[in-house]
Amino acid sequence: MGSKVRVLVHDIGGCEGCPVSVIRALPELVGIADVHSRYLGNEDVSGGVTYDISVVTGAVCINEPDVVGRLKVIREVSKVLIAYGSCASVGGITRFCRGGQEPRPEHRTYQPVTAVVRVDYAVPGCPPAPTFIASLIKSIVKGGGYFLKLFSAVVKARKLSGFDLLDDVVLPGLCVGCGACILSCPTGALQMIDGKPDLVVEKCIRCGTCYVRCPRASQLLIRRYIQLGGVKG
Amino acid sequence: MDSYFITRAPVRGLETLVRGKSPIFVIEAAMRICGICHAAHGIASAEAIEDAVGVAPPANGRLLREVIGLLNRVQSHLLHLVLVVPDIVREEFASSLVLDVVKLLNRVNDVMARIGGAPTHPPNIVVGGVSRAPSEAGLREVVRKVKEILKDYSRIKDVVLDEDRWSGKAFALSKVSVNVERLATHPFYGDRFNIDVNDVVTLRYPRFREGGLPEVVRATTSLVALYRGRAVEVGPRARLDIYRGLVGSTLMDLQRARVEEVSLALTRITELLGRVSTGSSTRTSGLFFRRGAGVGVFEAPRGVLIHRVEVGDEGRVKGYRVIVPTMFNIPVMEAAAKGAPVSIADLVPRVFDPCVPCSTHLIEVGEWGPR
């Protein structure tokens with residue numbers, strides 16, 4: 001691609017940690033992408049402007065029609081939509097939301113972006129490492145790569161947590177004890193006990209980072225959702 | 001003409017989300033209120049839980065926690081510079097300056113990763129202190145890095161404060177004054193004994209501004225906080241005013257205070273790190289959770305941040321309240337916007353650096369009608 005790709009970064013209902021992690025990557029991105037964001041004062045989500053890639057962060061508050069409507073508009077004007085970060089891709093901390101808080105107690109139902117509109121790639125992380133977004137955009141422009149397969153599989157998984165890692169990798173005996181999950185966990189919820197990862201359950205925020213980082217679990221995702229077309233197990 | 005500060009971010013509801021949970025989970029959840037003030041929320045939450053169960057971090061833990069909090073302050077103020085430089089610095093200097101600030105921010109993030117465990121939502125903040133201390137060599141390396149950051153920041157600061165490079169908007173900001181009582185509890189950390197939290201009330205917006213409000217204003221998703229029944233300004237200027245006698249009432253003075261606070265924070269970080277002794281513990285040992293109520297007060301980048309927790313018999317959270325600095329600043333921003341020309345009405349609240357998950361959803365301030 002000769003010219004720079006037009007990239008939108010938009011938070012639909014999160015803590016803004018993910019968009020900030022993209023802004024931090026700006027020095028790397030300026031050469032390949034023309035970034036549009038509230039932070040840069042050049043965002044337009046009215047529907048009148050199109051984007052090559054939209055990076056949407058945060059979870060969707062179903063009780064707020066404006067939010068759902070805005071997300072649909074972004075889907076329509078974007079060639080590629082990335083659900084970026086744990087809330088957008090697999091729910092993350094918003095999986096614990098239950099509403100009832102002032103001043104808008106009716107805001108009680110949250111869903112990841114992947115459950116609301118068609119998403120091309122979903123990237124867990126709380127937040128994903130800032131170095132990651134540039135290589136992801138490059139892969140998308142190039143149109144291939146292992147990561148793209150993995151992140152299109154996450155779109156279909158919709159929820160991932162430390163429990164899934166234990167269930168799918170550690171308990172069936174697939175774990176080789178490499179420790180990648182422990183290094184990747186943003187809350188320190190995984191610890192190595194007797195050469196195998198163990199979950200500190202009250203620290204797991206269901207962000208799914210460990211699952212995509214695990215060399216075994218990530219292959220399971222691709223097999224289940226891409227090669228076997230969604231058959232579980 | 002009137003002005004309203006409206007936020008549209010959905011309420012994810014941390015206060016109800018943590019009910020019934022272990023305090024260990026609460027700190028992780030609290031940090032995820034905000035991706036910018038993550039550590040501030042984490043520290044306020046830890047302080048509240050510690051107050052409730054009757055423990056305090058050891059000296060080392062307290063020092064490192066303050067370092068993490070100040071690194072967060074620097075991160076937040078630098079990010080704010082990224083947002084505000086294109087408005088207050090003339091175009092020919094702005095774009096390269098923005099990239100310089102982002103590069104500096106990335107170096108601060110690197111330091112945060114070493115001390116806090118991650119640049120965002122630093123997991124080393126735990127109940128009872130800080131989960132791990134850097135090694136002796138690691139500490140020296142960090143001090144060296146912070147000193148270099150301070151040196152390079154001075155150059156950025158000189159550009160931002162150089163009136164010859166100011167935009168027209170910067171001069172317009174320097175003509176708008178706002179004189180509201182100021183509230184701060186500590187120059188660097190936060191002190192629950194310097195504020196009477198029972199004198200803080202939070203109101204739904206329609207109760208705060210009675211009368212015929214437009215429908216869109218009634219739907220705002222933020223509460224307004226008053227102290228002793230009055231509006232108070234919190235944040236960098238309030239801290240510098242109360243603890244350093246810096247007085248200046250214009251909106252550019254507010255920005256100057258924020259720019260100044262970065263240098264003060266970086267200097268303080270090097271001093272604090274010099275006092276950390278790597279051999280001794282950073283975390284209270286023998287911790288258990290029991291019934292109690294506690295308050296955590298921390299000077300977040302944007303001002304006084306209050307977390308209140310009630311822990312039940314089984315050591316699980318029964319009640320939780322969070323009062324964020326922007327709730328205090330909403331009436332102050334509105335007063336400032338009313339006194340400002342419409343040409344800078346959008347910039348006025350942004351100079352207060354309102355919490356980003358709220359503020360960037362801000363739609364209109366100043367004359368009614370879409371911008």
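Structural remarks
- Mean separation of Cα contacts under 8 Å (6+ apart) over length of the stretch B:136-249, as relative contact order %: 28 percent
- Inter-chain Cβ neighbour count for B:169-182, averaged per residue, equals 0 (cutoff 10 Å, partner chain atoms only).
- Convex hull of alpha carbon positions in the protein assembly as shown: directionally averaged projected area 26.2 nm².
- Restricted to Cα atoms, the stretch A:162-227 shows a radius of gyration and a Dmax of 11.0, 34 angstrom.
- For chain A, the share of DSSP beta bridges that are antiparallel, to the nearest 5, is 25%.
- The alpha carbon gyration tensor of the stretch B:203-313 gives principal lengths a ≥ b ≥ c with a/c of 1.5 or higher and a/b no greater than b/c, which makes the shape oblate.
- Span-like helix check, chain B: qualifying full DSSP H segments, with Cα axial length of 18 Å or more and mean Kyte-Doolittle of -1.0 or more, are B:38-53, B:59-88, B:91-116, B:136-161, B:251-275, B:325-338.
- Range in chain B, longest, excluding exposed GluC sites (Glu not before Pro) [loop by DSSP; at most 12 other beta-carbon atoms within 10 Å]: B:1-180
- Neighbour net charge for B:Asn109 - beta-carbon separation under 13 angstrom, K R +1, D E -1: +4
- Pairwise label distance in nanometres, A:Ala129 with A:Val200, each label 7 Å out on the Cα-Cβ vector: 2.2 nm
- Rg/Rh, computed from the Cα trace of the stretch A:1-69 with Rh as the Kirkwood radius, has the value 0.99.
- Counting Cβ atoms of other protein chains within 10 Å of each residue's Cβ and taking the mean over peptide B:14-25 gives 4.
- Whole-Å distance, taken between Cα centres, linking the stretch B:298-346 and the stretch A:69-128: 25 Å
- Applying 1/(1 + (r/R0)^6) with R0 = 30 Å to the Cβ-Cβ distance of B:Asp199 and B:Ser263 gives a FRET efficiency near 0.35.
- Separation of alpha-carbon centers, the stretch A:156-233 and the stretch B:278-293, rounded to whole Å: 30 Å
- The stretch between B:Thr250 and B:Ser154, if pulled fully straight at 0.36 nm per residue, gains 32.3 nm over its current Cα-Cα span.
- Beta bridges assigned by DSSP with both partners in the protein assembly as shown are antiparallel in approximately 65 percent of cases.
- Normalising the Debye intensity of chain A to I(0), with uniform scatterers on Cα atoms only, and taking log10 at q = 0.08, 0.11, 0.12 Å⁻¹ returns -0.29, -0.55, -0.65.
- Residue-span extension gain [B:Arg107 to B:Ala56] - 0.36 nm each, minus C-alpha spacing: 15.3 nm
- Prolate/oblate/rounded call for chain B, Cα gyration tensor, a/c under 1.5 rounded: oblate
- Placed amide H near A:Arg108: partners under 5 Å, 5+ positions off or other chain: A:Asn63
- Nonlocal amide H pairs with A:Val90, under 5 Å, H built at 1.01 Å: none
- Distance between the 7 Å Cα→Cβ label points at B:Ser95 and A:Ile193: 5.6 nm.
Values quoted throughout were computed directly from the atomic coordinates according to the rules given, and no laboratory measurement underlies them. Treat the numbers as computed from the prediction; the structure is a model and nothing was measured. Methodologically, a virtual Cβ is constructed for each residue, glycine included, from the backbone with ideal geometry; neighbour enumeration extends over all protein chains shown.
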